[in-house]
Amino acid sequence: MLISDLKLPSSRLAFWVSIGGVVVGIVAGFLAGAQPLYLGSAIGAIVAIIYFFADFERAVLGLLILRSSLDIFSAQQVPAAFAIGVNALTLLYITVQLLTHRTVQTDRFWWFFAGWVALQGLWVILLPLGGLGLDSSHLLVSVREWLRLFSWLMVYLLVMQLRERVHPEKVITCLFLGLVLPLAVALLQIILPVSLLPPMLIYGGSESASLPFEVGSRLSGTLGHPNGFATFLLLFVGLTHWKLDQSNRRLPWILLLGTLVFFIVMTKALFILVMLSVFLLVLIAPKLSIVNLLGATILLMFAIGLFASSDFGRERLSSITNTLLFNPDIDVSKSILLSQFDNNSFNWRIAQWTFLLKAWQNSSLFGYGLHSSPFLTRLTNYAHNDYIRALAETGIVGFIIFLLFLSVQFSRLLQLFRSVDHRSPQRNLCWVLIAIFIATIIGMLTENIWSHTTLFFYWWTCFAIISWDWSKPSINKHASYL
């Protein structure tokens with residue numbers, strides 16, 4: 001549907017412009033006298049807003065590309081400020097669209113998503129009312145977590161406004177620019193000594209003394225944490241595979257695919273090997289052939305071999321044998337005991353899960369509140385299992401809602417996969433996203449994937465794009481330059 005333009009009467013427009021000019025003048029004068037830094041920030045914000053509306057498509061794509069480079073500045077609250085800025089710009093844009101009677105692009109899933117995010121606000125409301133297992137002193141933490149979820153909704157809505165203005169394949173191609181800085185920083189983490197790297201580029205930082213590995217031994221790129229970097233790269237492995245299927249020039253995409261797998265392995269996250277295996281298995285399932293099976297096997301063997309080539313990787317792999325999964329002499333209680341001194345991350349997880357489940361029993365219906373897991377056990381850390389996290393933080397009610405949210409996502413992807421032409425790039429991308437989704441819900445069993453904000457920033461971008469009508473050309477006059 002084309003967006004119609006509304007022509008306001010010139011007298012009314014002049015009136016509001018005059019009022020706006022007076023208000024801006026008064027505020028600018030006050031800020032200049034009170035705090036020049038605030039004036040500079042305000043001017044910068046005004047310039048950003050003007051550009052956002054003047055060149056909307058490129059501004060949105062620029063925001064999408066920029067997000068992957070911000071997590072290293074978490075200590076300076078840059079990602080949080082970015083999320084607030086994106087939320088504000090999205091709400092401002094939607095408000096202008098509504099006031100001028102222009103079309104706001106949404107789909108059915110977005111409304112379900114909005115309802116789910118609104119429902120998460122129930123736990124924010126119940127906390128100060130004494131309806132959860134924690135008191136109101138944790139309200140700020142809960143509000144921040146809800147705002148994080150709300151920012152995902154706004155990203156989805158913002159990307160939806162590009163529908164019929166930029167072709168979906170061009171949007172996804174632009175997302176690959178978001179790999180440039182993370183991979184460049186990861187390369188620096190490989191070739192430069194730790195002593196030459198800024199603290200923000202070293203995983204561990206001031207907490208290195210408590211980490212069971214050498215500082216700087218794991219790559220995190222600009223994502224701040226190796227595990228977050230690993231899942232981010234896995235998403236782009238899927239998108240690269242999709243581009244490889246669509247492109248006539250296959251060599252650049254093959255090289256990029258190998259590069260991404262190399263950096264995934266260098267994060268030295270054991271769980272990502274499981275996710276990569278699941279992803280490849282699901283990916284080749286519809287077109288199972290000797291060639292596809294051989295290619296997936298070679299890629300997986302390359303990843304496992306590279307992982308096992310380092311002392312740290314071999315140590316991580318051998319540590320699995322000292323867990324209840326492969327050692328019949330170890331039970332849950334012994335795992336908890338061993339976790340205190342053996343630096344075995346799986347035994348540590350068993351202890352954390354056990355403590356969280358015991359805590360959940362004291363507030364089983366609604367849990368303790370959003371992002372309360374780090375405050376519920378003596379280990380004071382994330383749950384490292386998103387299902388146990390949902391159960392402990394939001395109780396049985398929230399756990400069911402969480403599973404429903406995941407189920408609807410899967411159903412949405414499957415429905416789109418079945419409804420589009422089997423030869424179309426859209427259908428292929430649907431299956432790639434299904435493979436990533438299945439790998440993700442498996443990875444959630446042992447990792448805090450729900451807290452990987454950057455991953456979901458790009459996931460919701462792709463999820464919004466997949467529902468568009470890919471057969472329609474874009475109407476953006478600058479589309480050929482994007």
- Query: What does the convex hull of the Cα atoms of the stretch 318-418 come to per residue, in Å³, rounded to a whole number?
  - Reply: 128
- Where labels lie 7 Å past Cα in the beta-carbon direction, separation of Asn327 and Val143 in nm: 4.7
- Message: So, R0 is 41 Å and r is the distance between the beta-carbons of Ser136 and Leu187; what FRET efficiency does that work out to, to 0.05?
- Response: 0.35
- Report the extension gain between Leu91 and Ser424 in nm, rounded to one decimal, defined as 0.36 nm multiplied by the number of residues separating them, less their alpha carbon distance. 116.5 nm
- Item | Contour excess over end-to-end distance, with Cα ends at Thr297 and Phe73 and 0.36 nm allotted per residue | 76.9 nm
- Task: Could you sort 69-75, 234-240, 290-296, 442-448 so that the peptide with the highest average Cβ count within 10 Å comes first and the rest follow in order?
- Result: 234-240, 442-448, 69-75, 290-296
- Task: Calculate, in nm to one decimal, what Ala81 and Asn343 gain on full extension: separation in residues at 0.36 nm each, minus their alpha carbon distance.
- Result: 90.8 nm
- Item | Stokes-Einstein diffusion coefficient of the stretch 65-142, Kirkwood radius over Cα pairs, 20 °C, 1.002 mPa s, in µm²/s | 137
- Simple Cβ-charge dipole of the stretch 328-477, Lys/Arg +1 and Asp/Glu -1, about Cα centre, in debye nearest 20: 480
- Ordering Asp311, Asp55, Asp421 by the accessible surface of their heavy atoms, 1.4 Å probe, largest first, yields Asp311, Asp421, Asp55
- Query: Could you list, bin by bin from short to long, the percent of Cα-Cα pairs of the stretch 309-370 in 10 Å steps?
  - Reply: 21, 40, 24, 12, 2
- For the stretch 244-354, using Cα atoms only, the Rg and Dmax in Å read 17.7, 56
- Message: I need the calculated FRET efficiency for the pair Ala114 and Ala308, taking r as the beta carbon distance and R₀ as 35 Å, to the nearest 0.05.
- Response: 0.15
- Simple SL model, points at 7 angstrom along Cα→Cβ for Ile320 and Ala285; separation in nm is 2.1
- P(r), alpha carbons of the stretch 387-446 - 5 Å bins starting at zero, rounded %: 4, 18, 21, 19, 15, 10, 7, 4, 1
- Task: Identify, among Ser364, Met444, Leu433, the residue whose Cα sits farthest towards the positive end of the charge dipole of the stretch 336-479, taking +1 on the Cβ of Lys and Arg and -1 on the Cβ of Asp and Glu, with the dipole about the Cα centre.
- Result: Leu433
- Message: If I take every Cα pair under 8 Å that is 6 or more residues apart in the stretch 400-471, average their sequence separation and divide by the length, what percent do I get for the relative contact order?
- Response: 27
- Message: Calculate the FRET efficiency for Leu98 and Ile49 from the Cβ-Cβ distance with a Förster distance of 25 Å, rounded to the nearest 0.05.
- Response: 0.90
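The values are calculated or read from the model by the stated rules, or taken from the named source; none is laboratory data. What you are looking at is a predicted structure, and each value in this text was computed from that prediction instead of being measured. Here the Cβ is made from the backbone with ideal geometry for all residues, glycine too, and neighbour counts use every protein chain on show. Side chains included, ligands, DNA and RNA excluded: accessible areas come from the protein's heavy atoms. Shrake-Rupley method; radii C 1.70, N 1.55, O 1.52, S 1.80 Å.
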